[in-house]
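Below is one structure; the comments refer to it alone.
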Amino acid sequence: MSETTADAHGAHDHHEGGFWSTYVFSLDHKMIARQFLWLGLIMMVVGGILALIFRWQLAWPETQVWGFEWISDESEGMPEGYVTPNFYNMAVTMHATIMVFLVVMPILVGCFGNFLIPLMIGARDMAFPVLNMLSFWVAVLGAVIMTAGFFVEGGHAASGWTGYAPLSTVPEYTGVFMGQTLWALSLFVLSFSSLMGSINYITTLINMRTEGMTWFRVPLVVWSLFVTAILGLLALPILGSAGAMMIFDRVFETNFFNPAKGGEPLLWQHLFWYFGHPEVYILILPGMGIASELLPVFCRKPIFGYRAMVYAMLAIAFLSWIVWGHHMFQSGMNPALGSAFMMTTLVIAIPSAIKTFNWLGTLWGGSIRFTVPMLHALAFVILFVIGGLSGIFMASNVVDIYIHDTYFIVAHFHYVIFGGSVFALFGGIQYWFPKMFGRAMDEALGKVHFWLTFIFFNMVFFPMHILGVGGHMRRIYNPMQYEFLQGMQPINVMITLSALALGLSQIPFVFNFFATVFRWNAKWFRVLIQAVSALVVGFIGYKSVAVMFEGMMEPEPSTGARIAGTVVAVALAVWIYRYLEKSMAPLGADAPQNPWDANTLEWVAPTPAPHGNFGPTLPVVRRGPYEYSVPGEEADWAPQTETIDPKYAEAGH
Amino acid sequence: MMSWLPENISIEGEEIDFLFYVSYYLTVVVFIGVAVAMAYFIIKYRAKPGVKAKYTHGNNTLEILWTVIPTFILLVFILMTQTSWAKLKLAIPQNPHVRVEVTGKQFNWIIRYPGDDGKFGTKDDLVLDNQLNVPVNKQVLISLKGADVIHSFFIPQTRMKQDVVPGRTIPLWFTPTKVGKYEIPCAELCGFGHSGMNGEMIVHSEADYAKWRKKAWEEKDK
Ligand code: HEM
Ligand SMILES: [Cu+2]
Ligand SMILES: [Cu+2]
């Protein structure tokens, strides 16, 4: 099989494909990976804007959202920029749905899975290139259906990303008609996309590893994507089926979930979470894999406990099927089950702990290089730890009585999904960019983006623990309606201000990405980047000082605060401007073949990797993926194709 | 962070707070340990010219230790939790002092009090919207019912929360220990009026409770 693919690709190399077959209906796994990346990044903008809209409403309830005042007062959702309750619910629902299914999954699984698996195991492409292309275009179809929901009568789905029945299945309860049906249809379609991807990944890894690429020489990120694919293969059909049942209930008046007609509402929750818990590991495993990949490279040291890492992932893959009930402790499910689910949930925390300790072990004794990808990997580790630890509170079914459905949950999953998956995603993009696009993203701009994102991520999501402990329910439109929450409103304001800063902090990344891809390095453009980044930081600095002087609730800063804010803003802006002026490399310059001195096979392939990835012969693997700083070797790295002193061969595979 | 917990006013809530503190100290200690180790490694092992990284693939003793120790701690934690869980969720009180039936209905709590016959569904029931009256220091057993979608009955100061599922009757019990007024928000998204679906629990002293009952039924019979 791999022989014929190889031949086919060999033939391809001699003629240029047309525009359509190269950029649109491409069969090349690297192009499909880039397509998934674009899809995810575009949807990230949509998801992010939705979040800022509902954060605005939470901080300054029932005021006009800045920038949306122009909307007609006949609009159902945001008349004159005021958020209505149903629009609020919709924004919350669609923010989560988009971020999970159309941002993190397409990028971490679709993009990195596609890009890395063949390159890192020494294959020329995926096992089923046509299926691979279909997987992407079906995902686009899903995204189109999902987006269409915003434009239909009655608005988009507004019953939470978890779509609890019967709120979601009986249109009269929300007043949402087509929107919710399109939501379910889109998930149904997206489940097929994931399914196709999973089949491809699993087949490819099992059958197409190059000579010498034994299972225990497979890089951990590929292992993680493999386990993710297995979870995807088994979990997504459940989501698809549940989505289909929801459509049946809504359109054909079946009554799977409607208790008024004899249905069972908890059945939806069981289906959703039986899919949903494996799903959260689909979101985090590739992130764990990326961290496990970056840490050894930038510690110049073998990963600590390679096998423990693999076994921990396999344990997670198994255990994630028997913990779903921890989302349902207070659902009315038989409470005796709560005890069982608490037990399994804490058991699954153990492999996560093992992985964390091994990452620390990898840092120990390293020679650490603080590149932008490494900063993201380090952030991943510590933020994942916080997310895992907050999981302990909720895993305790007793404590969960109180904190279930509060902001504590929101804090938890943002630490694991944003702090974990999204930081890994940014780190991975920066790290593999040279291989993906043939040029390296700028490190100085990357550092500005990283630090801003890291600081404001924590300022947005850490205080949510406090809100949750204070009893602040999630998914409420206006916290000021509750007396017991009013004292905490300054925290809500602080979070929203930080969220706006977090949004602005993405601007350096956008510049970095586009300037590098399109090689925009003109003098004026560089000045523009420096100026805008400096302005962003200055503006944030100004606002921070104003808030420090005046507190959260005072909209107009005093003259003193204004002066102090301006001084700080100018100082910060000048600092960032000059830092970038001095440190930004030429944007979009060609990247060397192996800019990070890394061992794994993707860096053996030429840059940019051609159709078919490797030259006429496939690389042969002779050592493990993380043999850095091997005693007796001149360089502190060597490609996996080099032989290794037999003394170390046993330990290092 | 603990001071952010609202005041607890129920006997059952103490179990929850205790385990909350256990989780809190456990996780804070672990977090500090990990963060300090990480910071130390990051600073100590930053790249320095001429210094090569250690060449090691791991250590089996360590792997075993950091598997077994967390497992042991979590096991203890599980055992500590389960007796509380049984008390709070499984041991339905047989002789509660007060019985009330609460129905979640978009976007109200409909609260039904039995009359002197102590039975629900008879003529002498009293039905109020969003107002739960209970005596202090007496165990209250609430039967939660749903009329339309799923809601979640939540009284932050008693630490109690329970989803309300249409088609089921779910028991919830607690013993309030402090006279006062407390909010009863709905904690599960239930539609556009979810935010603001909010009842009030009035915990009366024993004497006031008797007075309230007398007055409420008189008004009803008028
Ligand atoms: C140490 C491991 C973890 C434990 C013990 C844990 C435990 C829990 C528990 C008990 C809940 C339900 C809480 C409630 O609704 O009352 C929960 C919710 C959640 N967890 Fe975790 N978790 C862990 C790791 C993760 C990871 C790695 C992810 C994803 C990347 C994740 C994502 C989520 C999400 C998205 C929710 C909330 C879903 C929702 O209700 O909208 N968790 N977690
Ligand atoms: Cu879960
Ligand atoms: Cu509600």
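The values are calculated or read from the model by the stated rules, or taken from the named source; none is laboratory data. As the structure is a computational prediction, the values presented were derived from the model and not from experiment. When we count neighbours, we look across all protein chains shown, and the Cβ atoms used for this are built from the backbone with ideal geometry, even at glycine.
For residues that are within 7 Å of another protein chain (Cβ to nearest Cβ) and in a helix (DSSP H, G or I), scanning just the stretch B:1-25, find the one that is surrounded by the most Cβ atoms within 10 Å (Cβ to Cβ).
B:Ile16
Would it be correct to say that A:Ala585 is modelled with pLDDT under 95, surrounded by fewer than 20 Cβ atoms within 10 Å (Cβ to Cβ) and farther than 27 Å from A:Ile429 by Cα?
Spelling it out, it is not the case that A:Ala585 is modelled with pLDDT under 95, surrounded by fewer than 20 Cβ atoms within 10 Å (Cβ to Cβ) and farther than 27 Å from A:Ile429 by Cα.
Of all residues in the stretch B:45-57, how many are surrounded by fewer than 19 Cβ atoms within 10 Å (Cβ to Cβ) and either within 9 Å of chain A (Cβ to nearest Cβ) or under 13 Å from A:Phe357 (Cα atoms) (or both)?
Of the residues in the stretch B:45-57, 7 are surrounded by fewer than 19 Cβ atoms within 10 Å (Cβ to Cβ) and either within 9 Å of chain A (Cβ to nearest Cβ) or under 13 Å from A:Phe357 (Cα atoms) (or both).
Would you kindly identify the strands (runs of 3 or more DSSP E) lying entirely within the stretch B:157-222 that contain at least 2 residues that are among the β-branched types (Val, Ile, Thr)?
So the answer is B:198-204.
Applying the selection to the stretch A:84-100, what residues are more than 18 Å from A:Val410 (Cβ to Cβ) and more than 16 Å from ligand 3 (Cβ to nearest atom)?
A:Thr84, A:Phe87
Would you pick out the residues in the stretch A:117-166 that are touching a Leu at 6+ places or on another chain (Cβ under 7 Å), away from ligand 2 (no atom under 16 Å from the Cβ) and within 14 Å of another protein chain (Cβ to nearest Cβ)?
Correct list: A:Ser159 only.
Please determine, by comparing only the residues of the stretch A:271-286 that are of a type in the set (A, V, I, L, M, F, W, C) and away from chain B (no Cβ under 14 Å), which one is farthest from ligand 1 (Cβ to nearest atom).
A:Leu271
So which of A:Leu375, A:Leu363 ends up being more than 30 Å from B:Thr81 (Cα to Cα), away from ligand 2 (no atom under 16 Å from the Cβ) and facing chain B (nearest Cβ under 10 Å)?
On inspection, the qualifying residue turns out to be A:Leu363.
Listed here are the residues, each with its yes/no results for (1) of a type outside the set (A, V, I, L, M, F, W, C); (2) farther than 30 Å from A:Gly243 by Cα; (3) within 16 Å of ligand 2 (Cβ to nearest atom).
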| site | (1), (2), (3) |
| --- | --- |
| A:Pro265 | yes, no, no |
| A:Phe272 | no, no, yes |
| A:Val280 | no, no, yes |
| A:Leu285 | no, no, yes |
| A:Pro296 | yes, yes, no |
| A:Arg300 | yes, yes, no |
| A:Ile303 | no, yes, no |
| A:Arg307 | yes, yes, no |
| A:Tyr311 | yes, yes, no |
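Going through the stretch A:217-255 one residue at a time, which ones are assigned to a loop (DSSP other than H, G, I, E, B) and more than 13 Å from chain B (Cβ to nearest Cβ)?
Across the stretch A:217-255, the qualifying residues are A:Val218, A:Pro219, A:Glu253, A:Thr254.
Taking strands (runs of 3 or more DSSP E) that do not extend beyond the stretch B:108-154, which have at least 2 residues that are of a type in the set (S, T, N, Q)?
The strands (runs of 3 or more DSSP E) meeting that bar are B:131-135.
Within the stretch A:424-458, how many residues are within 25 Å of A:Tyr577 (Cα to Cα) and either within 9 Å of ligand 1 (Cβ to nearest atom) or not acidic (Asp, Glu) (or both)?
24
Provide a single number: the residues in the stretch B:143-154 that are under 25 Å from B:Lys119 (Cα atoms) and buried (at least 24 other Cβ atoms within 10 Å of the Cβ).
Number satisfying all stated conditions: 5.
Counting just the residues of the stretch A:318-360 that are over 26 Å from B:Lys161 (Cα atoms) and more than 16 Å from ligand 2 (Cβ to nearest atom), which one comes out surrounded by the fewest Cβ atoms within 10 Å (Cβ to Cβ)?
A:Leu360
How many of the residues in the stretch B:88-129 are within 9 Å of another protein chain (Cβ to nearest Cβ) and away from ligand 3 (no atom under 16 Å from the Cβ)?
3
Return the residue satisfying two criteria in turn: it lies in the stretch B:173-221 and is among the aromatic types (Phe, Trp, Tyr) and within 11 Å of another protein chain (Cβ to nearest Cβ), and of such residues it is farthest from ligand 1 (Cβ to nearest atom).
B:Tyr182
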